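Here's the structure we're looking at; comments come further down.
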There are 2 protein chains.
Amino acid sequence: MASGRVIGVDLGGTKLLVGAIDGNLNVHHRAHRSARGSGTAEVLDTIVEAVREASDAAGEVDAVGFGIPSLIDQEQGLAVTTVHLPLRDVPFRDLMAERLGLPVFVDNDATAAMLAEWRFGAAIDCTDALLLTIGTGIGGGMVVNGALGRGAQGAAAEFGHMTIDIDGPLCPCGAHGCLEAFVSGTALAREARAMGLDLTAAQVAELAHDGHAVARTLVTEMGTRLGAGIGNLVNAFNPQVVVVGGGVLALGDLLLGPAREEVARRALPPSRDLVRIVPTRFGAESGMVGAAVMALDGLTASTT
Amino acid sequence: MASGRVIGVDLGGTKLLVGAIDGNLNVHHRAHRSARGSGTAEVLDTIVEAVREASDAAGEVDAVGFGIPSLIDQEQGLAVTTVHLPLRDVPFRDLMAERLGLPVFVDNDATAAMLAEWRFGAAIDCTDALLLTIGTGIGGGMVVNGALGRGAQGAAAEFGHMTIDIDGPLCPCGAHGCLEAFVSGTALAREARAMGLDLTAAQVAELAHDGHAVARTLVTEMGTRLGAGIGNLVNAFNPQVVVVGGGVLALGDLLLGPAREEVARRALPPSRDLVRIVPTRFGAESGMVGAAVMALDGLTASTT
């Protein structure tokens, strides 16, 4: 008999977030791990162990959904590109299904977060919506015409690598002036260093909340750049809502305020007047909740 | 009895292109007019007269489709924003239906061009495709998940107002560094003037084809900027094809060559390896053909 509970896993580049979740999206048990590992076997062991911890605590679960920061080959259930994790060309879905003895569903982590926010969160009832998760880098998800958009190969919504300054700073991707080169935890720490502050992004955020003038300026500038990027997306997609998640949410309206102002300057009517730019409803757990929703959807699809 | 022929009208900011088209997309009769007029009545009279010329020559027609460079309110059949034409808040669809005595269908001109290229042209069989028509300004159309994308208000695909240079030149829209401020007939003539050449965009194109060094440089630079913009769209949409139309097609591969090279530099794999960047199949007539396809579709929908 089905328990009605599933496991959602958000497999980030640095941390692993696991939750046992019921059909009403209540999170019953959580397990956290560092996702860093020296090799494939170690990372897989860590995942299996964390999933087992959550499922043991939950009693019984019916399936597991994974959000992975990678292009996913849905046909074969593997991660095609993983910058931060040693999972490339690993038959992830089949391997996890075998080790866990449960049905396994896999998708891109930002797509999973978009799914959670669209179905149950900040983008509910929208026909057109976008999501940016901004942490170490930027992930993206999109809803167009009332359906998740993935592009021809599942590689769409790479909003972090949108050029906003053609002669701007070099991005790790090899291009110049990508949004991600201006707007990320990495960029915030770099800009702070350039101002003589040897701090992490989290420390800059804390100082900004405390009213520290330089930190405030850095965050405002980052928000303005974010707004230029979101403005481009508003003009291209005409969405009802743009949802912002990830580590930068700690900055709250210190970041989103300047972003909204820049969107008002750069996006065209009527799109700019319609769009709302809001934080994720599920906070840092959008990806985990979305992975669980994926698993619930997958079970429904396979039993009907 | 239905004739199987319809009229397609591409109502540009400066010229009007009318064609009588059959179900196999053969163009039987064309009528051209200048669309400039001092007022609403004059523009409407010109349109009616040109449509009648084409329909009289075609014998009998069943409907008329219009592509208009404006946001269209489909509910009311009117042009919500027209920068170049005095048609704002005119009940265009009903007015034309009454004066022409035929069913009338209205949509955005770039959306109409996208429809023609997607159904019968350069983007045939694509699930995800984009179109940019580049002339005086830039119009855009999009196909996502195998359907035309319009956004929440029909205002999507405004690709001309994508910031590619956050501190770049002022665009007429009020923002800085929009793609359209770099890539358009207007921009090409402006850049030529800055180099001491007092020429129209068409004259620069001619010189570039003749191998004129400065003209070649100007066109290559414009192609590179276009490539940065298309690269952003490739990362966001992961399309099989990006179709380029409009007056700049006169530049051919002098423009599209550098654009393709810049896309290869700025877009991410696997999107950049999949995407083809190609001219419109229907050349300057994509919008007109698309308007006719719209009318054919509209008739089919209303009789089934």
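The values are calculated or read from the model by the stated rules, or taken from the named source; none is laboratory data. Predicted model, so just to flag it, every value in this text is computed and none were measured. Here the Cβ is made from the backbone with ideal geometry for all residues, glycine too, and neighbour counts use every protein chain on show. Protein only, heavy atoms only, side chains kept; ligands, DNA and RNA dropped before computing areas. Shrake-Rupley method; radii C 1.70, N 1.55, O 1.52, S 1.80 Å.
Taking a point 7 Å out from Cα toward Cβ as the label site, list the nm distances between residue B:26 and the same residue in every other copy, smallest first.
7.0
Might you report the magnitude of the Cβ-based charge dipole of region A:162-304 about its Cα centre, with Lys and Arg at +1 and Asp and Glu at -1, to the nearest 20 debye?
I would put it at about 260 debye.
At most 15 other Cβ atoms within 10 Å plus a DSSP loop assignment makes a site exposed; report the longest stretch of chain B without any exposed trypsin sites (Lys or Arg not before Pro).
In short, B:89-304.
If you roll a 1.4 angstrom probe over the protein chains with everything in place, what fraction of the accessible area of region A:180-304 belongs to carbon and sulfur, to the nearest %?
Carbon and sulfur: 55 percent of the exposed surface of region A:180-304.
For the protein assembly as shown, report the accessible area per residue in Å² (1.4 Å probe, heavy atoms, rounded to an integer).
Per residue, the protein assembly as shown has an accessible area of 39 Å².
Just to make sure I understand: if all protein chains stay in place, what is the order of B:107, B:273 by accessible area at 1.4 Å, largest first?
Largest to smallest exposure gives the sequence B:273, B:107.
Write down the radius of gyration of chain B and its Dmax, each obtained from C-alpha positions, in Å.
Radius of gyration, then largest Cα-Cα span, for chain B: 19.2, 61 Å.
Mind checking the dipole of the protein assembly as shown: about its Cα centre, +1 per Lys or Arg Cβ, -1 per Asp or Glu Cβ, Debye to the nearest 20?
About 560 debye.
If I take the rotation axis that carries chain B onto chain A, which residue of chain B has the nearest beta-carbon, and at how many angstrom?
Taking the axis that maps B onto A, the answer comes out as B:144, 2.
Using θ = phi - 60° and the Karplus form 6.51 cos²θ - 1.76 cosθ + 1.60, what ³J(HN,Hα) does each residue of region A:164-173 get, whole Hz, x for Gly and Pro?
10, 8, 4, 10, x, x, 5, 9, x, 6
Using modelled amide H (1.01 Å from N, peptide plane; none on Pro or chain starts), what sits under 5 Å from the amide H of residue A:63, excluding residues fewer than 5 places away?
Here A:7 satisfy the definition.
List the distances, in nm and shortest first, from the label point of residue A:86 to the matching label points in every other copy, placing each point 7 Å from Cα along the Cα-to-Cβ direction.
7.3
Under a crude label model (7 Å from the Cα following the beta-carbon direction), how far is residue B:84 from residue B:32 in nanometres?
1.5 nm
Using each residue's phi in region A:54-68, evaluate 6.51 cos²θ - 1.76 cosθ + 1.60 at θ = phi - 60° and report the 3J(HN,Hα) Karplus result to the nearest Hz, with x for Gly and Pro.
Using θ = phi - 60°, the values come out as 5, 6, 4, 5, 7, x, 9, 9, 9, 6, 10, x, 10, x, 10 Hz.
Report, to the nearest 10°, how far helix B:286-303 tilts away from the longest principal axis of the Cα atoms in chain B, using its own Cα long axis and a range of 0 to 90°.
Tilt of helix B:286-303: around 40 degrees.
Can you pull out the GluC sites (Glu not before Pro) in region B:30-132 that DSSP calls coil and that have at most 10 other Cβ atoms within 10 Å?
In loop regions of region B:30-132 (DSSP not H, G, I, E or B), the sparsely surrounded GluC sites (Glu not before Pro) are B:75.
Counting helices only, and only those DSSP H runs with n ≥ 4, report the 222 nm mean residue ellipticity of chain B as the sum of -39,500 (n - 2.57) divided by its residues, in deg cm²/dmol to the nearest 500.
-13000 deg cm²/dmol
As I understand it, the value is the acute angle between the Cα axis of helix A:109-120 and the longest principal axis of the Cα atoms of chain A; what does it come to in degrees, rounded to 10?
Approximately 90 degrees, to the nearest 10.
Please list, ordered by chain and number, the residues whose modelled amide H lies under 5 Å from the amide H of residue A:70; skip anything fewer than 5 residues away on the same chain.
A:109
Picking from B:302, B:67, B:113, whose Cα lies most toward the positive end of the charge dipole for chain B (charges on Cβ: Lys, Arg +1; Asp, Glu -1)?
It is B:113, whose Cα lies furthest towards the positive end.
Counting Lys +1, Arg +1, Asp -1, Glu -1, what net charge surrounds residue A:112 among other residues with beta carbon under 15 Å of its beta carbon?
Surrounding charge for residue A:112 is -2.
Report, to two decimal places, the Cα Rg of the protein assembly as shown normalised by 2.2 N^0.38 Å (N = number of residues).
Compared with the compact-globule rule of thumb, the protein assembly as shown sits at 1.03.
Sorted from shortest, what are the nm distances separating the label point of residue B:49 from equivalent points in the other copies, each placed 7 Å from Cα along Cα to C-beta?
Here residue B:49 shows inter-copy label distances of 8.4 nm.
Measure off 7 Å from each Cα along the Cα-to-Cβ vector at residue B:202 and residue A:56, then give the distance between these two points in nanometres to one decimal.
So the label points at residue B:202 and residue A:56 sit 7.9 nm apart.
Run the dipole for region A:1-80 about the Cα centre, Lys and Arg Cβ at +1, Asp and Glu Cβ at -1, nothing else charged, and hand back the magnitude in debye, nearest 20.
The calculated dipole for region A:1-80 is roughly 300 debye.
Give me the log10 of I(q) over I(0) for region B:40-184 at q = 0.16, 0.19, 0.21 Å⁻¹, as the Debye formula computes it from C-alpha points; what are the numbers?
-0.97, -1.21, -1.31
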